[in-house]
Amino acid sequence: MNFTVVLPPSSRVGEQAGLLQQLFAGHHIDLAFTHAEQAKALESTDVLVSTAFVPVTREDIFCASRLRFIQVAGVGVDHVDLEAAREKGVIVAGVAGSNAQSVAEHVIMSTFALLRPLILSHHDLKEGKWNLPGWMGQAQELAGKTFGIYGMGRIGQELAKRLLPFGVTLLYHDLRPLSPEEERLWGLSFVSKDVLFKASDIISVHLPFTPDLYHVIGPQEFLAMKDGSIFINTARAELVDEDALISALQTKLLGAAIDVLNSEPPSAEDPLLKLPNVLLTPHGAGVTIQAQNRIAQDAIQNVLRFLDNRPVDNVYVGESS
Amino acid sequence: MNVREAIKEWLQYHHISVVFGNPGSTEIPFLVDWPESISYVLGLQESQVVAMADGYAQALGQPAVVNLHSQPGLGHAMGALMTARRNRSPLVVTIGQEDSRHHIVEPLLYGNLAPWASSIAQWSYQPTSSEDVVPALERAYHEARRPPGGPAAVILPMDYLNGKANWNPRREVDYHTVPQGINELSQLLKASKFPALVIGDEVDKEDAWGEAVSLAEAIDCPVYGAPLSMRTGFPNRHPLFQGHLNPVMSTIIQILSPYDQVLVIGAPAFLTYPYVPGSREWAKTIVHHISSDPEYLARSMASKGYYGSVRLAMKALLAKIAPKEPELSEITLQEAEQKSTAARERAAMGSDYVIYTIGQSMPADAIVVDESVSHSLLLRKILNFSRQGSYYTASNGALGWGLAAAAGIQLAQRQRRVLAVLGDGASLYGMQSLWTMREWHLPIVIVILNNHGYNILKSLTQSLYPGHLAKTPGLSVEHVDFTHLAESMGVKAVKVDNPFDLEMELHTAWASKDPYLLDVQVDPEIPRLL
Ligand SMILES: Cc1ncc(C[n+]2csc(CCOP(=O)(O)OP(=O)(O)O)c2C)c(N)n1
């Protein structure tokens, strides 16, 4: 069978290729980094291991005459044209949410970094400014604060479990509340979206994106937020009205940690880059080395299942067996 | 009619269907030929008997009758009578006495009891003849109710009970008065920019929760619970409720100083413990104080006192103050905080978790008897009290009251469930009451928060004499087997040392039709209370 494996730009090719050859001995493997390379390989491939760095379009799918299985090695399959896959009878599978714990840790890191003016102080110091009084006037503890989690899926739950020991009060909102038993064990109180924004000192968003959630957080939500509160988005840029966020950052928020931007990468003029109280990361909250390894493991396991004619896991399109 | 018969008629006339006691030879004339319509509830030690009657009287809102055994029985009862006095609990206390015909030679059980009892009673009297006995009981009934309320003692020489009775009950007394000066007070409250209320035990005793809530909502002001209040008079989940004041004067002044007018309703102003140095002066705040207890008013720290019924006073105020629409928040953040804290402390069986879990298990109209000592502040904060008669504790910090009072309260309130929460130390002052609970099949849930010692005293030692706790004796109570102790008196009991068992056993306990004791091994960490 022929394989095409799309690798992230950072991959150490030699190492990966060796590993893949070993795992899929007896099969032909093409490695691809760009859309062009992928398109070329797809002409003769049976199995595509895809990552979000390279889209899989309708045209790609229909031109790949032998293609039977797309295994996405990543969380989220937005870059694959699922409709086309369905029409063509190609199975599309993903991996379980193996990055939940990385995202949760990222949120906690960002929270602390904003509560203590970590980045600013660090830069001050490197520029020769010893600003202890400034620090003393700003540094805050997390204990005693109210933490609101908007979206209580896998990531929200991992976050809640990790936050509880820090001495916070946990609120959440979701379309589907947890069971009373889960709420009690994790110390979570379900509240309306309105109360969530009004009562929280820190809000972190963990919703999946669907079109009806476009800009679900806008001027009204930021208006409701407390003065001096913190906003964190590691979910999807489309959920948040960035203009409203910027104006809240300028007027009332202590700060925001934003991992997902409207345009990625942002242009040099992007006003978010100019604000002192925003902490930016390159859509990497879930992409730790450990999470990538878990994702790779999951993806490989699924491909092996496919080769063995066993049911594959996390199927988006097609039959699982 | 002889006095023995007349006493029973007198009891029935006042609809007294329960008498508490522990007998000796001098009480035999009182007990003989006991009518079926009146329950005699036997307690196994006099302090317990009095505390049962105290709880019963409070829960019923009527005087309760308790019968003690002459000088030894009164001796044992003195502490509990002191508590009943401080609780303003109306008790008619009958005390047996040797036959009057040999008092002159001071027989075994004789004592000069009336003066002795008078140190804790509102009134105390030894009748002068058999004809004088029922009139004395009748007077005691009204003396016990006389504001502020408390024990009234009648000494009964054995021979008088065989004599002829003069029995002529006559009157009803309404001690409730409308306080003067309410008009001016209502003006001040209306004009006030930052008013606040402090609610105390009398609001609950006068069944005036509704008035208190309406008044708070009409003024739209923060409400505090009086410090160490023996009863709760305001729903502690109400959005205006700010929690209970700490019993430290400087803290009370600090918390109430931002307000220009503070109205204390039906509480001492203020009950404090322990002594912490600091000024007792108010800066700008004007404190008003309404109470039906002249003693509360006489020693009050308020600048103006109003004597009379708190319920009538609040009604009068409400007639003058137009209610505002209350703004109710969807949840109180406090509840969320408790939920998170409970979850955090679950694994360690921390106090927050244990009390939260108890709160989750209990019926909404449960009555809580609190002798949980170092846990009391948490318990008052975490459990949900939403109606009249939901919370009882001894007003003077006396231990040994809780179990007995729970029994008395359950006897008075058969349709509601009673939960008694006690420290392990506290429970051991009155364990005999478990026997009474079992004999009467009182379905009381008893939770012992067992930290194997007197933690509040350890906490106090640590803060008063830091570093000296290890060399302070008498503060640990190890090696008590509570489940066997309870089971020896017929009460089902389990030791609980993990969250899973706690959650399960609480369900079993509430489903029980008999008393059920949980010996809960709570995190023994010494709390910082000061
Ligand atoms: C009749 C009586 N004797 C002694 C005391 C003194 N005292 C106050 S608190 C306390 C210890 C209570 O211990 P426990 O009930 O186990 O509660 P904890 O402080 O451990 O929560 C004692 C002995 C008292 N209040 N009443």
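Which one is most open to solvent (accessible area, probe 1.4 Å) among residues in region A:158-167 that are within 13 Å of chain B (Cβ to nearest Cβ) and within 25 Å of residue A:283 (Cα to Cα)?
Result: A:161.
One line per residue, one yes/no per condition, for (1) buried (at least 18 other Cβ atoms within 10 Å of the Cβ); (2) among the hydrophobic types (A, V, I, L, M, F, W, C); (3) more than 13 Å from the chain's Cα centre (by Cα):
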| site | (1), (2), (3) |
| --- | --- |
| B:358 | yes, yes, yes |
| B:365 | no, no, yes |
| B:380 | yes, no, yes |
| B:383 | yes, yes, yes |
| B:391 | yes, no, no |
| B:404 | yes, yes, no |
| B:411 | yes, yes, yes |
| B:418 | yes, yes, yes |
| B:422 | yes, yes, yes |
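Tell me, which residue of region A:186-197 that is surrounded by fewer than 19 Cβ atoms within 10 Å (Cβ to Cβ) and more than 8 Å from chain B (Cβ to nearest Cβ) is farthest from residue B:339 (Cα to Cα)?
Going through region A:186-197, the residues surrounded by fewer than 19 Cβ atoms within 10 Å (Cβ to Cβ) turn out to be A:190, A:192-194.
Checking which are more than 8 Å from chain B (Cβ to nearest Cβ) leaves us with A:190, A:193.
Working: A:190: 11, A:193: 19 Å.
Among those that are surrounded by fewer than 19 Cβ atoms within 10 Å (Cβ to Cβ) and more than 8 Å from chain B (Cβ to nearest Cβ), it is A:193.
Could you tell me which numbered condition residue B:407 fails, if it satisfies all but one of (1) within 14 Å of chain A (Cβ to nearest Cβ); (2) farther than 24 Å from residue B:523 by Cα?
Tallying (1) within 14 Å of chain A (Cβ to nearest Cβ); (2) farther than 24 Å from residue B:523 by Cα, residue B:407 fails exactly one: (1).
With the requirement that a residue be touching a residue at least 60 places away in the same chain (Cβ under 8 Å), part of a helix (DSSP H, G or I) and not acidic (Asp, Glu), what does region B:1-27 give you?
B:3, B:4, B:6, B:7, B:10, B:13, B:25, B:26, listed by residue number.
For (1) within 14 Å of chain A (Cβ to nearest Cβ); (2) out of contact with any Cys (no Cβ under 7 Å at 6 or more places or on another chain); (3) acidic (Asp, Glu), each residue gets a yes or a no:
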{"position": "B:344", "(1), (2), (3)": "yes, yes, no"}
{"position": "B:356", "(1), (2), (3)": "yes, yes, no"}
{"position": "B:371", "(1), (2), (3)": "no, yes, yes"}
{"position": "B:387", "(1), (2), (3)": "no, yes, no"}
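Does region A:168-185 hold any residues that are within 7 Å of another protein chain (Cβ to nearest Cβ) and crowded, with 23+ Cβ neighbours inside 10 Å, and which are they?
Scanning region A:168-185 gives A:168, A:169, A:170, A:171.
Hey, among B:127, B:147, which residue is at pLDDT below 95 and outside any strand (DSSP E or B)?
B:147
Only one of (1) touching a helix residue (DSSP H, G or I) at 6+ places or on another chain (Cβ under 6 Å); (2) within 10 Å of another protein chain (Cβ to nearest Cβ) fails for residue A:135. Which number is that?
Single failed check for residue A:135: (2).
Can you spot a residue in region B:309-332 that is within 29 Å of residue B:522 (Cβ to Cβ) and within 14 Å of chain A (Cβ to nearest Cβ)?
First, pick out the residues of region B:309-332 that are within 29 Å of residue B:522 (Cβ to Cβ): B:331-332.
Still in the list and also within 14 Å of chain A (Cβ to nearest Cβ): B:331-332.
Looking for residues that are within 29 Å of residue B:522 (Cβ to Cβ) and within 14 Å of chain A (Cβ to nearest Cβ), one finds at least one in region B:309-332, hence yes.
So, in region B:435-468, of the ones that are at pLDDT below 95 and of a type in the set (A, V, I, L, M), which residue ends up farthest from the chain's Cα centre (by Cα)?
Ranking the candidates gives B:464 first.
Specify which of the listed residues (B:190, B:164) is farther than 22 Å from residue B:57 by Cα and at pLDDT below 95.
Going through B:190, B:164 in turn, the sole match is B:190.
Residues in region B:374-428 that are at negative phi, in a loop (DSSP other than H, G, I, E, B), more than 15 Å from the ligand (Cβ to nearest atom) and not aliphatic (A, V, I, L, M): how many? Even if it seems obvious, please write down each step before you answer.
First, pick out the residues of region B:374-428 that are at negative phi: B:374-388, B:390-396, B:398-399, B:401-428.
Of the ones still in play, those that are also in a loop (DSSP other than H, G, I, E, B) are B:383-388, B:390, B:393-396, B:398-399, B:401, B:413-417, B:428.
Next, from what is left, pick out any that are more than 15 Å from the ligand (Cβ to nearest atom): B:383-388, B:390, B:413-417.
Next cut, not aliphatic (A, V, I, L, M) only: B:384-388, B:390, B:413-417.
Within region B:374-428, residues that are at negative phi, in a loop (DSSP other than H, G, I, E, B), more than 15 Å from the ligand (Cβ to nearest atom) and not aliphatic (A, V, I, L, M) number 11.
Do any strands (runs of 3 or more DSSP E) entirely within region B:251-342 hold 1 or more residues that are surrounded by fewer than 18 Cβ atoms within 10 Å (Cβ to Cβ), and if so, which?
Output list reads B:286-291, B:304-307.
What helices (runs of 4 or more DSSP H), lying completely within region A:203-321, carry at least 3 residues that are assigned by TED's automatic domain parsing to the domain that holds residue A:86 and open to solvent by less than 10 Å² (accessible area, probe 1.4 Å)?
Counting at least 3 such residues, we get A:289-307.
Test residue A:98 against the stated conditions and say whether it is surrounded by fewer than 15 Cβ atoms within 10 Å (Cβ to Cβ) and in a loop (DSSP other than H, G, I, E, B).
no
Residue by residue through region B:54-104, note down the ones that are hydroxyl-bearing (Ser, Thr, Tyr), on the phi < 0 side of the Ramachandran plot and not in a strand (DSSP E or B).
Going through region B:54-104, the residues hydroxyl-bearing (Ser, Thr, Tyr) turn out to be B:56, B:70, B:83, B:89, B:94, B:100.
Add one more test, that the residue is on the phi < 0 side of the Ramachandran plot, and what stays is B:56, B:83, B:89, B:94, B:100.
Listed by number, the residues that qualify are B:56, B:83, B:89, B:100.
It is to be established whether one or more residues within region B:455-477 are crowded, with 24+ Cβ neighbours inside 10 Å and either part of a helix (DSSP H, G or I) or within 16 Å of the ligand (Cβ to nearest atom) (or both). Give the steps one after another, and end with the answer.
Filtering region B:455-477 for residues crowded, with 24+ Cβ neighbours inside 10 Å gives B:455.
This time we only want the ones that are either part of a helix (DSSP H, G or I) or within 16 Å of the ligand (Cβ to nearest atom) (or both), so: B:455.
Looking for residues that are crowded, with 24+ Cβ neighbours inside 10 Å and either part of a helix (DSSP H, G or I) or within 16 Å of the ligand (Cβ to nearest atom) (or both), one finds at least one in region B:455-477, hence yes.
Those residues that are away from every other protein chain (no Cβ under 14 Å) and either out of contact with any strand residue (DSSP E or B) (no Cβ under 7 Å at 6 or more places or on another chain) or free of Cβ contacts under 8 Å to residues at least 60 places away in the same chain (or both), I need them from region A:198-216; list them, please.
Scanning region A:198-216 gives A:203, A:205, A:207, A:208, A:209, A:210, A:211, A:212, A:213, A:214, A:215, A:216.
Is it the case that some residue within region B:433-446 is assigned to a loop (DSSP other than H, G, I, E, B), more than 14 Å from chain A (Cβ to nearest Cβ) and within 12 Å of the ligand (Cβ to nearest atom)? Break it down into steps so the answer makes sense when it comes.
Here is the first cut: in region B:433-446, the residues assigned to a loop (DSSP other than H, G, I, E, B) are B:440-444.
Add one more test, that the residue is more than 14 Å from chain A (Cβ to nearest Cβ), and what stays is B:440-444.
Retained after the next criterion (residues that are within 12 Å of the ligand (Cβ to nearest atom)): none.
Scanning region B:433-446 turns up no residue that is assigned to a loop (DSSP other than H, G, I, E, B), more than 14 Å from chain A (Cβ to nearest Cβ) and within 12 Å of the ligand (Cβ to nearest atom).
On the basis of being modelled with pLDDT under 95 and either on the phi > 0 side of the Ramachandran plot or loosely packed, with under 15 Cβ neighbours inside 10 Å (or both), does residue A:128 make the cut?
Here the answer is no, as residue A:128 does not meet what is asked.
The values are calculated or read from the model by the stated rules, or taken from the named source; none is laboratory data. Here the structure is a predicted model, which means the values were calculated and not measured. Using ideal geometry, Cβ is built from the backbone for each residue, glycine included, and neighbour counts are taken over all protein chains shown. Ligands, DNA and RNA are excluded from the accessible area calculation, which covers all protein heavy atoms including side chains. Shrake-Rupley method; radii C 1.70, N 1.55, O 1.52, S 1.80 Å.
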